[in-house]
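**Q** Please read through the structure below; I'll follow up with questions.
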């Protein structure tokens, strides 16, 4: 994908307004995030219905992550060739079909297969969404536009995590997926009816790893890998720490997810600061702020109230870090934006695996404080990668 069609009515909107399609893209993120988050809360009910263990049911979540990473790496490059809007429409239809199959799954293998297909669709949709957000952002409002789109993750976390268990309890777990099917179709219709149009890039789609040769991409992907591995490594074991380490009920995990989502969403109020200062300058400080949160977990993670305060700050700082990361990657080469954002999504979902698996032995043998300290080290690496890219000014906006 290269640029937004110059004849598009979106470009005629006043600079002070965010384009309407940005809200559609936010909803698309919320739909994808809802699917990625709902299985955890409903897993016990799914396991009971299908006669399987919770651990086996959660293999469907692993299949989703694998499908997303593979698709983002191998297929998302076609976002540039066919255009982000067209690819996103196809992906949303594929996601809806996959979710319908999830709702109808008679056994865990079928559910895992359906979620693998959902991951493939999501691996196309996410790069297309991020590329579209960068393309339609008014000049000087890039951070606020992308920040708005990122709040879709907050909607999925707050609504998805909170409501999925309720729907599963009072209706059926299959109804959860049925609801998300409807939401995916609504998102598809909203995008179809929007005035957003884009111009595909000329020529053949680049090879999946060709974007690694573009100046500035590799340092930012290193930062992404460290940033996301740290997040998933800590988030994956925070719930057990609260329950087993602090003696809190399982419901405390829902409170923590809610607090994190509120912090993540409220950070959108700070996106204007990123527009004024520039993502290049903000990135190292944003990553260091996330590192400070992990230091706080290491020092004050034995207090539930302390964890809640830190979790709010965690959501706040993670939003800023993710925002500037996407802004800088998306600005490197607009003609290959889809390919670059596909690499970003692939690295992100590989970090889900690396963070969860790599931090597991550390948490089991050394505890939550040591796990948090390890995440701090990863954030120092992320900040260094962002700073290195700042000194090599090619390929990224101020």
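**Q** Evaluate the range 130-142: report whether one residue or more is surrounded by fewer than 22 Cβ atoms within 10 Å (Cβ to Cβ), outside any helix (DSSP H, G or I), assigned by TED's automatic domain parsing to the domain that holds residue 188 and at pLDDT 90 or above.
**A** The answer is no; no qualifying residue exists.
**Q** Give 70, 60, 96, 91 a once-over and let me know the one that is free of Cβ contacts under 8 Å to residues at least 40 places away in the same chain, in a helix (DSSP H, G or I) and either in contact with a helix residue (DSSP H, G or I) (Cβ under 8 Å, 6 or more places away or on another chain) or not assigned by TED's automatic domain parsing to the domain that holds residue 354 (or both). Step through it out loud before you land on a result.
**A** Working: 70 fails: free of Cβ contacts under 8 Å to residues at least 40 places away in the same chain; 60 fails: free of Cβ contacts under 8 Å to residues at least 40 places away in the same chain; 96 fails: free of Cβ contacts under 8 Å to residues at least 40 places away in the same chain.
The match here is 91.
**Q** A further question on this structure: Taking the range 360-391 as the region of interest, how many residues are at pLDDT below 85 and under 15 Å from residue 229 (Cα atoms)?
**A** Residues meeting the conditions: 1.
**Q** Residue under question is residue 233, and the condition is that it be within 16 Å of the chain's Cα centre (by Cα) and surrounded by 17 or more Cβ atoms within 10 Å (Cβ to Cβ); does it hold? Lay out the reasoning, then the answer.
**A** Details: within 16 Å of the chain's Cα centre (by Cα): yes; surrounded by 17 or more Cβ atoms within 10 Å (Cβ to Cβ): yes.
So residue 233 passes the test.
**Q** Sticking with this structure for a sec: For the structure I just gave you, tell me whether residue 82 is touching a helix residue (DSSP H, G or I) at 6+ places or on another chain (Cβ under 9 Å) and buried (at least 23 other Cβ atoms within 10 Å of the Cβ).
**A** Numbers: touching a helix residue (DSSP H, G or I) at 6+ places or on another chain (Cβ under 9 Å): yes; buried (at least 23 other Cβ atoms within 10 Å of the Cβ): no.
Here the answer is no, as residue 82 does not meet what is asked.
**Q** Name the pairs whose Cβ atoms lie under 9 Å apart, with the first residue in the range 158-183 and closer than 15 Å to residue 48 by Cα, the second not in a helix (DSSP H, G or I), and 6 or more positions between them or separate chains?
**A** 174/105
**Q** Something else now. In the range 352-359, is there at least one residue being touching a helix residue (DSSP H, G or I) at 6+ places or on another chain (Cβ under 9 Å), modelled with pLDDT of 90 or more and assigned to a helix (DSSP H, G or I)?
**A** For the range 352-359, residues touching a helix residue (DSSP H, G or I) at 6+ places or on another chain (Cβ under 9 Å), modelled with pLDDT of 90 or more and assigned to a helix (DSSP H, G or I): absent.
**Q** Would you confirm whether any residue within the range 154-170 is at pLDDT 85 or above and touching a helix residue (DSSP H, G or I) at 6+ places or on another chain (Cβ under 6 Å)?
**A** As a first pass, look at the range 154-170 and keep what is at pLDDT 85 or above: none.
Within the range 154-170 (the criterion being at pLDDT 85 or above and touching a helix residue (DSSP H, G or I) at 6+ places or on another chain (Cβ under 6 Å)), the answer is no, since none of the residues qualifies.
**Q** Ok, one more. Give 324, 347 a once-over and let me know the one that is surrounded by fewer than 24 Cβ atoms within 10 Å (Cβ to Cβ), under 16 Å from the mean Cα position of the chain (by Cα), assigned by TED's automatic domain parsing to the domain that holds residue 259 and under 20 Å from residue 225 (Cβ atoms).
**A** Checking each option against the conditions leaves just 347.
**Q** Now, a different point. Answer yes or no: is there a residue in the range 191-201 that is at pLDDT 75 or above, surrounded by fewer than 18 Cβ atoms within 10 Å (Cβ to Cβ) and assigned to a helix (DSSP H, G or I).
**A** Within the range 191-201 (the criterion being at pLDDT 75 or above, surrounded by fewer than 18 Cβ atoms within 10 Å (Cβ to Cβ) and assigned to a helix (DSSP H, G or I)), the answer is yes, since at least one residue qualifies.
**Q** Additional query: Being surrounded by fewer than 24 Cβ atoms within 10 Å (Cβ to Cβ), touching a residue at least 12 places away in the same chain (Cβ under 8 Å), in contact with a helix residue (DSSP H, G or I) (Cβ under 9 Å, 6 or more places away or on another chain) and assigned to a helix (DSSP H, G or I) is true for just one of 286, 375, 331, 382. Which residue is that?
**A** Details: 286 fails: surrounded by fewer than 24 Cβ atoms within 10 Å (Cβ to Cβ); 375 fails: surrounded by fewer than 24 Cβ atoms within 10 Å (Cβ to Cβ); 382 fails: surrounded by fewer than 24 Cβ atoms within 10 Å (Cβ to Cβ).
Result of the check over 286, 375, 331, 382: 331.
The values are calculated or read from the model by the stated rules, or taken from the named source; none is laboratory data. Here the structure is a predicted model, which is why all the values come from computation and not from measurement. Glycine gets a Cβ as well: all are built from the backbone with ideal geometry, and neighbour counts include every protein chain shown.
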